[in-house]
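Worksheet for the structure shown next.
The values are calculated or read from the model by the stated rules, or taken from the named source; none is laboratory data. Being a predicted model, the structure only gives us computed values, none of them experimental. Neighbour counts run over all protein chains shown; Cβ positions are idealised from the backbone, glycine included.
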Amino acid sequence: MLDQYETIDGIIESKLVVKKSRFIGFATSTRNLELVEEFLGFVRMQCPSATHYCYAYKIKLVNQLFEYADDAGEPRNSAGPPILSVLKNSGLSNITCIVVRYYGGTKLGVGGLIRAYSECTRNCLSTASRKTEILCSELQIQVGYSQVGTLFKLLDRFNAELMDVNYNKDINIKFKMRQQKVQHFQRQLNIINLVAEEM
């Protein structure tokens, strides 16, 4: 289905030593760019004296795919792109992998770096527990008391998850729904002269 994807559960770590250079890989599920930045900050705090923080992410929304790789000071295309290549071939989405390197005094060459960053990333993903996530939209709607019963039946029919209900002059309802159902839900709302707004 278009609105679900496979990712990893938790934060996964792997270690690799190549000619006295230590590589530590960290991978986690990230569904947006803000979470990527938070994860980078977390890894920098965990490994404050690392020489390089190379990373890649693959974030898939319903109609868009965001992929990015950063060599972080390593020779061009020797670190970030190999990490991204492993992510792309993993079958996983909404994932970030950061591989930090502590330089061991011996240059590995571009080929050696590509192999090390790729292997560390593969090791991370091979130990990860996988999970299926469903993409949801958060919506809100304002409805009069005379239509609330009809709306609640419609929300139930579309398996919406209520987040908040405020009873005032009108009723303001916030809810989550699978993204693939939103368009059909909006058409059903139009029949009863209601409109839901994305939050």
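Details
- Residues that are touching a residue at least 12 places away in the same chain (Cβ under 8 Å) and either under 15 Å from residue 113 (Cβ atoms) or not in a strand (DSSP E or B) (or both) within region 26-41 comprise 30, 31, 32, 33, 35, 36, 39, 40, listed in sequence order.
- Count of residues meeting criterion [closer than 23 Å to residue 130 by Cα and surrounded by 13 or more Cβ atoms within 10 Å (Cβ to Cβ)] in region 33-53: 8
- Test: residue 161 is charged (D, E, K, R), modelled with pLDDT under 90 and closer than 22 Å to residue 4 by Cβ: no
- Filter pass, residue 100 being hydrophobic (A, V, I, L, M, F, W, C) and closer than 12 Å to residue 23 by Cα: yes
- Taking first residues from region 123-138 that are in contact (Cβ under 8 Å) with a residue 24 or more places away in the chain and closer than 23 Å to residue 63 by Cα and partners that are in a helix (DSSP H, G or I) and of a type outside the set (Asp, Glu), the Cβ contacts under 8 Å between residues at least 6 apart in sequence or on separate chains come to 135/179; 136/179; 137/179; 137/182.
- Residues (part of a strand (DSSP E or B), modelled with pLDDT under 95 and either surrounded by fewer than 19 Cβ atoms within 10 Å (Cβ to Cβ) or over 14 Å from the mean Cα position of the chain (by Cα) (or both)) located in region 54-66: 60, 65, 66
- Residue match in region 103-121 (condition: closer than 30 Å to residue 50 by Cα and either outside the structural domain of residue 61 (by TED's automatic domain parsing) or among the acidic types (Asp, Glu) (or both)): yes
- Residue 26 being within 16 Å of residue 70 (Cα to Cα) and assigned by TED's automatic domain parsing to the domain that holds residue 127: yes
- Positions within region 2-32 being surrounded by 20 or more Cβ atoms within 10 Å (Cβ to Cβ), under 14 Å from the mean Cα position of the chain (by Cα) and over 12 Å from residue 125 (Cα atoms), in sequence order: 5, 30
- Failed criterion for residue 100 (all others in (1) of a type in the set (A, V, I, L, M); (2) over 30 Å from residue 72 (Cα atoms); (3) modelled with pLDDT of 95 or more hold): (2)
- If you check 180, 147, 142, 186 for being out of contact with any Phe, Trp or Tyr (no Cβ under 7 Å at 6 or more places or on another chain), in contact (Cβ under 8 Å) with a residue 60 or more places away in the chain and not assigned by TED's automatic domain parsing to the domain that holds residue 94, only one passes: 180.
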